[in-house]
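Note sheet for the following structure.
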Amino acid sequence: MNITQLKAFTMVVEHGSFSAAARAMQLSQPAVTMQIQALEADLGARLLDRMYRRVELTEAGEALLPLAKRVLSDMEAAREAVGAVSGSVTGHLLLAASTTPGQYILPNLLGSFLKEYPKVGVSIDVRDTAQVVAAVESGEAHIGMTGAEVADAKVEFEQMGTDEIVLIAPPDHEFAKQGSATGEELARAAFIMREEGSGTRQVTEHVLRDSGVEPDELHVVTELGTSEAIVSAVEGGMGVGVVSRWMSDKAVRLGTVVEVGAEGFPARRPLFVVKPRGTLTRAAEAFLGHLQANLQG
């Protein structure tokens with residue numbers, strides 16, 4: 001039994017699948033599978049039942065999980081203690097982020113951060129806003145970044161940077177030909193919406209209400225889990241949608257979608273760093289400082 005095996009085990013449980021754990025650990029899926037198999041062979045017990053598209057803990061796995069988390073936590077604390085004495089920043093930084101910051105903003109900043117702190121390893125887990133907040137609350141992630149706050153969350157939100165969300169339509173859509181849409185027209189249009197819990201959806205509903213359109217009045221033809229999927233659906237002529245300008249920019253340049261004006265759109269929204277209420281690790285503190293230096297002002 002070794003630390004890599006325990007890490008692979010806990011990551012598979014946390015992410016719900018071998019493939020998701022492999023992405024988070026930046027390993028191949030066979031490598032993660034080999035670590036779990038070696039751990040099971042060493043302990044002489046099956047720890048995970050492989051179900052269709054998910055894994056479930058066995059009784060032995062249930063017994064091991066809290067102990068494995070404790071060992072990994074102790075290892076991280078040991079790195080922190082040694083780092084504090086030596087003055088270096090080490091350890092593995094776990095970031096959770098909603099789609100726009102997770103796919104565009106944070107990756108752009110990691111290169112310069114890792115040059116400054118080469119002994120730090122970083123993983124980014126892209127989730128919806130509610131899941132990001134839950135990950136920081138539970139300690140599964142050290143820091144999160146979202147496009148919206150969550151009421152009554154047991155975390156701290158710090159505004160840092162901004163994003164802009166836009167209304168897009170297929171090139172042959174009446175809105176594209178008009179260049180704009182009224183609230184009444186939006187209520188009648190086939191609308192592609194992000195899923196519940198998405199920060200983009202929260203902002204969209206807020207803007208619509210301010211313009212006199214209740215979200216329940218919309219003709220929502222489908223709900224999709226990512227903004228890329230919304231852009232693809234709009235390109236395919238399914239309807240209109242709202243996404244971050246980061247997401248739509250390429251498609252607009254290619255002419256496969258058209259940005260449309262409407263009351264409240266484009267809408268500028270703040271981005272938030274999500275911090276735990278407890279003490280940050282040294283790596284998390286260093287990354288927070290990096291974000292503040294590059295996104296504020």
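The values are calculated or read from the model by the stated rules, or taken from the named source; none is laboratory data. Computed from a prediction, not measured in an experiment: that's the story for all the values here. Please note: Cβ atoms are built from the backbone with ideal geometry, for glycine as well, and neighbour counts cover all protein chains shown.
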Counting only residues that are in contact (Cβ under 8 Å) with a residue 40 or more places away in the chain and surrounded by 15 or more Cβ atoms within 10 Å (Cβ to Cβ), which one in the stretch 104-121 is farthest from Arg194 (Cα to Cα)?
Tyr117
Checking the condition within 26 Å of the chain's Cα centre (by Cα), assigned to a strand (DSSP E or B) and surrounded by 15 or more Cβ atoms within 10 Å (Cβ to Cβ), which residue from Leu93, Leu27, Leu65, Leu72 passes?
Leu93
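Residue by residue, here is whether (1) of a type in the set (Gly, Ala, Ser); (2) without any contact (Cβ under 8 Å) to a residue 40 or more places away in the chain holds:
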residue	(1), (2)
Asp152	no, yes
Glu158	no, no
Glu164	no, no
Asp172	no, no
Gly183	yes, no
Glu195	no, no
Which is at pLDDT 90 or above, outside the structural domain of Glu263 (by TED's automatic domain parsing), aliphatic (A, V, I, L, M) and more than 12 Å from the chain's Cα centre (by Cα), of Val155, Val150, Val132, Val136?
Val155
For the stretch 251-284, which residues satisfy the criterion of being charged (D, E, K, R) and either closer than 18 Å to Ser198 by Cα or over 21 Å from the mean Cα position of the chain (by Cα) (or both)?
Arg253, Glu259, Glu263, Arg268, Arg269, Arg282
Just wondering, is there one or more residues in the stretch 153-173 that are assigned to a loop (DSSP other than H, G, I, E, B) and of a type in the set (S, T, N, Q)?
no
Would you check which residues across the stretch 243-262 are surrounded by fewer than 17 Cβ atoms within 10 Å (Cβ to Cβ) and either over 18 Å from Lys177 (Cβ atoms) or of a type in the set (A, V, I, L, M, F, W, C) (or both) and list them?
Arg245, Asp249, Lys250, Val252, Arg253, Leu254
For the stretch 22-46 the number of residues that are at pLDDT 85 or above and closer than 17 Å to Val126 by Cβ is 1
